[in-house]
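Following: one structure in structure tokens, then a few remarks.
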Amino acid sequence: MEDIYEKILWDGYGLRYRGGSRTRSGLVCRTDAGLRELKKPRGNAENLRLAYDVKAQLRQNGFPSVSRLYPAQDGEPFYRKDGILYTLEDPMPSAPLAEESAADFIKGAETLGRLHAAAKGLQSPHARWEKDRLPGLYARRRGELAKIKRRIDHKSGYDPIDLLILGYYKPCMEQTAEAEELLERGGYTALAEQTEQNGGFCHNAYKGENLRLDDSGSIFVAGFDRCISEIPLADLAAYLRRYMKKTDGNGGGAEKMLAAYSRHCPLSASDIILLEGMNLYPEKFLRLVNQYYNKRRACVSPAMQERLTAAAGEQENGRRLREILQGI
């Protein structure tokens, strides 16, 4: 196995491999240029090209708490071998942010605000902006759910997941339609156009496993391999949902997260409306339903039934968050 690492480092990056140790995310290699972490990224080539430009912009604008992504000898921010992509970065701190209390999430939200502020001015040829990506996704998911219900209605008998879908169908459709209306009222399309012009991005995986603490307690951000061209508020909405899932959501934690984020990226009244819509939308439930009914099923999966039930339950958190946002 070490022969493969040696070949990747030499052929791809011109570095000598002198041993290494596995980490959760890859392999930390000792090389003739120092320590480097070799990874198999989750994103595709275009994600990685955008990530390279994003990281360069962040560092240039005074946000150094990201790992440097080293270009391969052909100039690409990855090396391709046998159809598999590899990236080479500086090693990151290994301790993840605990996400056990409101204080953890407030610290994470403040870092997210600094991250988004430092991305302003980003202009990348690898950005792929869709001005109506989220409204289009919401409308498409609503249409898919209606189609799935028609399929269920034509069946001679219902399995437990069919019954689960039928039980949540009406509130789910209503929430999705209302979320679409909130995106329109909050000016999603105009904000996407403005972000494209002024520079910005969505990390798309901003959560504990990608937030690392160094010995001083400072947060480093990893996991840029799935970043996309999207309004930064999508990161904040997802992080608020995660806070509600991981904690009891009491004690004013969400309000304090918004205040911490706003110190670096002030939130307008329209931004709050957009956050309402993104948190009201039953994202996880609709995604799982779509995955399940578009695969060939030999039998009902108890694991999927549990995941769908949990996802449906999480929508109460979305309604609670909306109430919090309406009170700001």
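The values are calculated or read from the model by the stated rules, or taken from the named source; none is laboratory data. Since we're looking at a predicted model, the values are computed, not measured. Positions of Cβ are generated from backbone atoms using ideal geometry, with glycine treated the same way; all protein chains shown enter the neighbour counts. With ligands, DNA and RNA removed, areas are computed over all heavy atoms of the protein, side chains included. Shrake-Rupley method; radii C 1.70, N 1.55, O 1.52, S 1.80 Å.
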For the chain, Rg(Cα) over 2.2 N^0.38 Å is 1.08
For segment 157-261, state the semi-axes of the equivalent ellipsoid (square roots of 5 times the eigenvalues of the alpha-carbon gyration tensor), sorted largest first and rounded to whole angstrom. 30, 22, 16
Which residues' amide hydrogens lie under 5 Å from the amide hydrogen of Phe78, considering only partners 5 or more residues apart or on another chain, with H built in the peptide plane? Ala72
For the pair Arg30 and Glu323, how long in nm is the line joining their label points, each one 7 Å along Cα→Cβ? 5.8 nm
Given a 10 angstrom Cα cut-off, can you work out which residue in Asn317, Asn290, Asn47 is the most mobile in a GNM of the chain? Asn290
Kirkwood-based shape ratio for segment 1-141, expressed as Rg/Rh from alpha carbons: 1.02
Over segment 209-328, with every protein chain in place, what whole percent of the accessible area is carbon and sulfur at 1.4 Å, could you tell me? 48 percent
Cleavage-rule hits, trypsin sites (Lys or Arg not before Pro), segment 26-106, DSSP coil, Cβ neighbours within 10 Å at most 14: Arg42, Arg68
Ignoring everything but the protein chains, give the 1.4 Å probe accessible area of Asp32 in square angstrom, nearest 10. 70 Å²
Given a 1.4 Å probe, the accessible area of segment 156-286 per residue, as a whole number of Å², is 39 Å²
